[in-house]
Amino acid sequence: MTQLYYNEDSTDFFYHGDHTGGRGGANLDAFVDRIASAGVTTYLCNTNASRANYDSAVWTSTWEGFDPQGPDHQPYLAGLAADGQPVDVSGWRRLVTNTLALHEQGIDYPAHTIERCRLRGMSPWITLRMNDVHEQINTKHPIHGHFWRDNPHLWRRNSDSYFGRAFDFSHVEVRDYYLALVDETLERYDVDGLELDFLREPFLFTVGEEDSGRELLSEWVGVVRQRIDAAAERRGHIIQLGVRSPSKPCVAHAFGMDPLRWVRAGWLDLLVVSPRWSTIEFAMPLREWREQLGGCSAVLAGGLEILRGDHAMGPKRPVTAAEARGAAAQVLHDGADAVYLFNYFPSADATTMPDAWARDAYEQTIASVASLERIGPLTRTHAITFADMIGPEGAVPDPPPQLPVEGVDLSFELPTGPRPVRGDGELVIGLSSKGEAPLAYVNDGGPLVMVSSAATGQLCHNHYALPIELLVDDGQQNQIHLICQDSLRVESVEIRILPTGTRIA
C-alpha cells in the first residue's frame with residue numbers, strides 16, 4: 001500500500017478561520033476531510049510547541065492566562081511586544097481565541113482529530129515537538145510555557161545563537177517533563193502511533209556535551225518505547241513509535257541523537273529524515289540511511305519541507321508543485337518507503353503560498369507525490385539546494401556550498417531520480433551577473449542548445465533543451481558543466497523533466 005504521511009502543526013488550524021460560536025467541530029471535520037481527500041494515509045497531529053493546544057494536566061495550555069473579553073494590552077498579549085513597541089496582536093489573539101473556543105465547546109482537539117481520521121480511513125498519530133524554540137528571544141511571549149520560563153537553569157549553556165535557550169536534555173528534569181507529556185498522550189488518546197519530533201529542535205545539549213548526552217537520550221527513547229508497549233497492551237492494539245531526524249546520519253549523531261541505534265534496537269517503527277525548515281533538500285542521502293539500517297523493518301520516510309532556498313544566504317520561497325514532485329521522486333528512487341510532508345498546510349492562500357497548486361489544486365498535488373507511479377507522468381523539478389542542519393554550534397565545519405559560485409569554468413552535481421522513458425528535459429541556470437550565456441554540458445553530452453533567456457527579479461534564467469537520455473538513472477549524480485569567456489555568478493541550477501509537449505507547472 002502506498003503510504004503518505006502528513007504533519008499538522010499545533011497552531012495552523014487555529015490560526016485561520018473563526019471557530020467560535022459552536023463552529024469548531026464542523027470546521028475541524030472539514031479540515032481533516034480535506035487532508036483525507038488528498039490521499040494522506042497517516043495524519044500526525046501536533047499537540048505542542050512550548051505549550052499544549054488542549055487542556056493538559058502536565059503542560060501549560062495555550063489559553064492559560066488569556067482573557068477573551070480583555071483588551072489587547074492585557075498581560076497575556078502584552079508579551080508579544082518584545083521591545084515595548086506597539087505590535088499587532090490580532091493574529092495571536094485569533095489563534096488563542098480559536099483554541100479556547102474548541103475547549104469551551106467541549107471539543108478535545110486531539111481526540112476529535114483522531115476520531116475524524118479513523119472515520120476517513122487515515123491512521124491517526126500524535127507528534128510531539130521535543131524542544132521547540134519559537135520566540136525564545138522574547139521570554140515574555142505568550143507562546144512560552146511556565147516550565148521553560150521558570151527554569152532558565154535547564155537551558156543549554158555556552159551558546160548565544162537562536163537555539164541558545166533550548167532545553168538541555170542532560171537534565172533529568174527536562175527528560176521527565178517531556179516524559180510526562182508522553183504519558184499523558186498515551187493515557188488520554190487512542191493513537192496508532194506517537195512521533196518524537198527532534199527537528200523541533202535538534203539542539204538538545206549544551207555545546208560540547210553531545211557525546212555524553214547521546215547515551216542519556218538513547219536511554220530515554222528506550223523508556224518511551226516501554227511506555228508505548230504498555231499503552232498498546234492496555235488498548236489492545238499496536239501503537240508505533242516514530243522519530244523525525246536530521247537528513248544526514250552524521251548530523252543526527254553530531255547533535256547527540258542515535259536514530260540508527262534506536263531502529264536496530266527495535267524501538268522505532270518509523271524514521272523520518274528531513275531538512276529542518278529553510279529549504280527542501282533534493283539530494284538527501286537516503287541510500288546511506290537504507291544501507292546503514294540494513295534489514296531493519298522500520299519504515300524509512302523522506303521528509304519534504306515547504307520552502308526552497310538555493311543557498312543559505314539566498315531568498316526562500318514556497319516550493320512549486322513540480323518541485324515537491326521532484327523531491328518526492330528523489331527520496332523514493334533512493335530507497336525511502338514513503339514521503340512525509342511538513343508544513344504543507346491546506347490553509348495556505350495567495351499571500352502564503354503564491355503557487356496556484358496550494359489554492360486551486362491542493363488535493364491533487366498532495367496525492368501526486370505519494371508514489372513514483374503517480375509522479376511519473378507529471379512534470380517535476382530537481383534543484384541544487386543546501387543542507388540547513390550540519391550540527392551544533394561550532395562542532396561541525398560548514399561544508400563547501402555548491403551555490404552561489406563565481407568563475408569561468410564551473411561544475412555541479414544534481415541527482416534527478418528515475419529517468420522517464422519519454423518526455424523532455426530542461427536545464428535552467430540562474431545568473432546574477434550579466435554577459436554572454438555560458439556553454440552548458442550535462443554528463444557526456446555535447447553543448448546543450450539554449451532555447452530562451454528571461455530576467456526574473458535580480459536573476460537572468462537561461463533555459464537549455466536537455467535530452468532526457470543524457471540523465472543518469474542509477475542513483476548517481478548528474479554532472480553539470482558550465483563554461484564562459486567572462487566570469488559569471490551562478491545563483492541557481494535546476495533540471496526540469498516534462499512529459500512531451502507540456503510546460504513546467
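Computed quantities for the displayed model
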quantity	calculated
The lone exception for Ile495 - which of (1) surrounded by fewer than 19 Cβ atoms within 10 Å (Cβ to Cβ); (2) in contact with a His (Cβ under 7 Å, 6 or more places away or on another chain); (3) aliphatic (A, V, I, L, M) it fails	(1)
Residue within region 38-58 that is within 22 Å of Val133 (Cα to Cα), surrounded by fewer than 20 Cβ atoms within 10 Å (Cβ to Cβ) and among the hydrophobic types (A, V, I, L, M, F, W, C) present	yes
Residue tally, condition in contact with a Gly (Cβ under 6 Å, 6 or more places away or on another chain) and surrounded by 24 or more Cβ atoms within 10 Å (Cβ to Cβ), over region 313-329	1
Where Gln69 falls short, out of the listed (1) loosely packed, with under 13 Cβ neighbours inside 10 Å; (2) in contact (Cβ under 8 Å) with a residue 60 or more places away in the chain; (3) polar (S, T, N, Q)	(2)
Of all residues making up region 265-286, the number that are over 17 Å from Thr127 (Cβ atoms) and not acidic (Asp, Glu)	10
Check on Ile390, part of a loop (DSSP other than H, G, I, E, B) and among the β-branched types (Val, Ile, Thr)	yes
Complete set of residues in region 92-148 that are of a type in the set (Lys, Arg), touching a residue at least 24 places away in the same chain (Cβ under 8 Å) and surrounded by fewer than 23 Cβ atoms within 10 Å (Cβ to Cβ)	Arg94, Arg116, Arg120, Lys140
Neighbours by Cβ (under 6 Å, 6+ apart or cross-chain): first from region 182-206, more than 12 Å from Gly256 (Cα to Cα); second of a type in the set (Ser, Thr, Tyr) and surrounded by 21 or more Cβ atoms within 10 Å (Cβ to Cβ)	Glu195/Thr127; Asp197/Thr127
Residues (in contact with a helix residue (DSSP H, G or I) (Cβ under 8 Å, 6 or more places away or on another chain), assigned to a loop (DSSP other than H, G, I, E, B) and not β-branched (Val, Ile, Thr)) located in region 144-197	Asn151, Arg165, Asp168, Phe169, Ser170, His171, Tyr189, Asp190
Matching residues, region 186-209, being acidic (Asp, Glu) and surrounded by fewer than 22 Cβ atoms within 10 Å (Cβ to Cβ)	Glu187, Asp190, Asp192, Glu209
Number of the exception - Ala166 against (1) of a type in the set (A, V, I, L, M, F, W, C); (2) without any contact (Cβ under 8 Å) to a residue 40 or more places away in the chain; (3) more than 24 Å from Glu305 (Cα to Cα)	(3)
Residue under evaluation Glu469, criteria (1) crowded, with 19+ Cβ neighbours inside 10 Å; (2) part of a helix (DSSP H, G or I), criterion not met	(1)
Hits in region 266-296 - residues which are in a loop (DSSP other than H, G, I, E, B), touching a helix residue (DSSP H, G or I) at 6+ places or on another chain (Cβ under 7 Å) and either in the same structural domain as Asp132 (by TED's automatic domain parsing) or within 22 Å of Arg214 (Cα to Cα) (or both)	Trp267, Leu268, Cys296
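The values are calculated or read from the model by the stated rules, or taken from the named source; none is laboratory data. Model, not experiment: these values are computed from the prediction. Every residue, glycine as well, gets a Cβ built from its backbone with ideal geometry; the counts of neighbours run over all protein chains shown.
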